[in-house]
Amino acid sequence: MLIGLVGRPSSGKSTFFKAATLADVDIASYPFTTIKPNHAMGYVKIKDLAVDFGKHSNPREGFVKGDWRFMPFELMDVAGLVEGASEGKGLGNEFLNDLAGADAFIHVVDMSGELNSEGKPAENHYPGEDLKMIESELDKWYLGILNKTWEKFARTIEVQKNKFAESVAKQFSGLKVNEEDVKQVLLKTGLDGEKSGHWNQEEVRKFAVTLRQLTKPMIIAANKIDRPNAKSNLEKVKLEFDYPIVPCYADGELALREADKHGLIDYIPGSSEFNIVKKLSDEQGKAIDNINKVIKSNNGTGVQDVLNKAVFDLLEYIAVYPAGSKLVDSKGNVLPDCYLMKSGSTALDFAYRIHTDIGKAFVKAVHIKTKQAVGKDYKLKHGDGLEILTR
């Protein structure tokens, strides 16, 4: 799973990325600080199942902090997109191509209104304009791919009946589009793929935009929520746009995670509180007090919330533990593994995810908490712990 960060220059994208990953990246207040894409591990936060048994997990991947388990996924930060990116402005084509493999986008929007769309100082800039611009560039990106060969493509479809979904999926395969996606778009738009040769430009655009929305779902990280005009701007944006929107304070999250890393405080990402464990300097104390005021009024910094919503809500994944009756592996590690599975997956899908041989030899699964047996068609639930029994 790969989630890409998008946004205009100086929106706080790189700060969000560093806060989410603690990766060593450049952060500066001028456009195009990020040129080459940065990749690192972000983490979703789930309840540690082992706690229900009086234990704590020993993850093979990710980590445990307090009663919470953090599971890794790949996060990517590309350079800020500017108007005209879809036509190559600001190396836009290169940056858009970097995003082709992403399963979803986190759009980091500067809610402060203190910088314009080019990242320059401004008074009362409306953040909705930035959102519209990024939306437009992403839509033009998909439309551009479709338009490149549309005339020849549409003629071919008229000759080769029932090949529309297959042909479009092939054309967009680099963007993780499959035939089922194309069929869903046709259903949603009411367009007839077999008559695509007669579509007008508005219908072609409608198809491309809906395909982008379906295959690259997006959540808004409403960043810089600590700034004076941010909350009023956020309310306006919420009224205008139909995206999941989470108020964020990436600067604060980064400071808290760094302070925790250096042993100054004890902080669990996603929490609205922390404990000071070492004496702070006057400057550190003042900074921490300011952060504390913001996270108390916003119930946290929002960064972890965005990551969780992107994985569990946008992409509809659930977390499932493979677990024997004693919870430990041969080396004594408690619940070392936990897998992210697509919602709707079955116990048999889960068995195959663990190992092909386990899937082939599947007999039944047993819930480690209820001791109840379930069959191969059992639909997995978030947080399940299952022991797979084989023949």
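Here is how the numbers come out for the structure above:
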{"quantity": "Test for Val209: is it closer than 30 Å to Trp150 by Cβ and surrounded by fewer than 20 Cβ atoms within 10 Å (Cβ to Cβ)", "calculated": "yes"}
{"quantity": "Residue count, region 177-206 (criterion: under 13 Å from Asn147 (Cα atoms), assigned to a helix (DSSP H, G or I) and either of a type outside the set (D, E, K, R) or touching a helix residue (DSSP H, G or I) at 6+ places or on another chain (Cβ under 7 Å) (or both))", "calculated": "6"}
{"quantity": "Test for Leu214: is it outside any helix (DSSP H, G or I) and either more than 30 Å from Gly113 (Cβ to Cβ) or among the small types (Gly, Ala, Ser) (or both)", "calculated": "no"}
{"quantity": "Exclusive hit being surrounded by fewer than 18 Cβ atoms within 10 Å (Cβ to Cβ), within 26 Å of the chain's Cα centre (by Cα) and closer than 21 Å to Pro269 by Cβ, set Asp313, Asp289", "calculated": "Asp313"}
{"quantity": "Options Gly332, Gly359; residue that is surrounded by fewer than 19 Cβ atoms within 10 Å (Cβ to Cβ) and modelled with pLDDT under 95", "calculated": "Gly332"}
{"quantity": "Flag for Leu146 being under 30 Å from Ala222 (Cβ atoms), in a helix (DSSP H, G or I) and in contact (Cβ under 8 Å) with a residue 24 or more places away in the chain", "calculated": "no"}
{"quantity": "Any hit, region 238-245, residues being over 22 Å from Val6 (Cα atoms), outside any loop (DSSP other than H, G, I, E, B) and not assigned by TED's automatic domain parsing to the domain that holds Ala169", "calculated": "no"}
{"quantity": "Only one of Asp305, Asp349 that is assigned by TED's automatic domain parsing to the domain that holds Val108, surrounded by 15 or more Cβ atoms within 10 Å (Cβ to Cβ), at pLDDT 95 or above and of a type in the set (D, E, K, R)", "calculated": "Asp305"}
{"quantity": "Condition met for Glu83 (in the same structural domain as Thr21 (by TED's automatic domain parsing), more than 30 Å from Asn333 (Cα to Cα) and at pLDDT below 80)", "calculated": "yes"}
{"quantity": "Enumeration of residues in region 260-286 that are under 29 Å from the mean Cα position of the chain (by Cα) and either of a type in the set (S, T, N, Q) or outside any loop (DSSP other than H, G, I, E, B) (or both)", "calculated": "Asp260, Lys261, Ile265, Asp266, Ser271, Ser272, Asn275"}
{"quantity": "Residue in region 310-323 that is of a type in the set (Phe, Trp, Tyr) and assigned to a strand (DSSP E or B) present", "calculated": "yes"}
{"quantity": "Residues of region 316-329 satisfying the condition of being within 30 Å of Ile219 (Cβ to Cβ), in contact with a Gly (Cβ under 9 Å, 6 or more places away or on another chain) and buried (at least 19 other Cβ atoms within 10 Å of the Cβ)", "calculated": "Ile318, Ala319, Val320, Tyr321, Pro322"}
{"quantity": "Every residue from region 7-49 that is among the acidic types (Asp, Glu) and either modelled with pLDDT of 75 or more or surrounded by 16 or more Cβ atoms within 10 Å (Cβ to Cβ) (or both)", "calculated": "Asp48"}
{"quantity": "Residue check, Ser281 loosely packed, with under 15 Cβ neighbours inside 10 Å and more than 30 Å from Ala222 (Cβ to Cβ)", "calculated": "yes"}
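The values are calculated or read from the model by the stated rules, or taken from the named source; none is laboratory data. In this text the structure is predicted, and so the values were computed from the model without any measurement. As a convention, Cβ positions derive from the backbone with ideal geometry for all residues, glycine included, and neighbour counts pool all protein chains shown.
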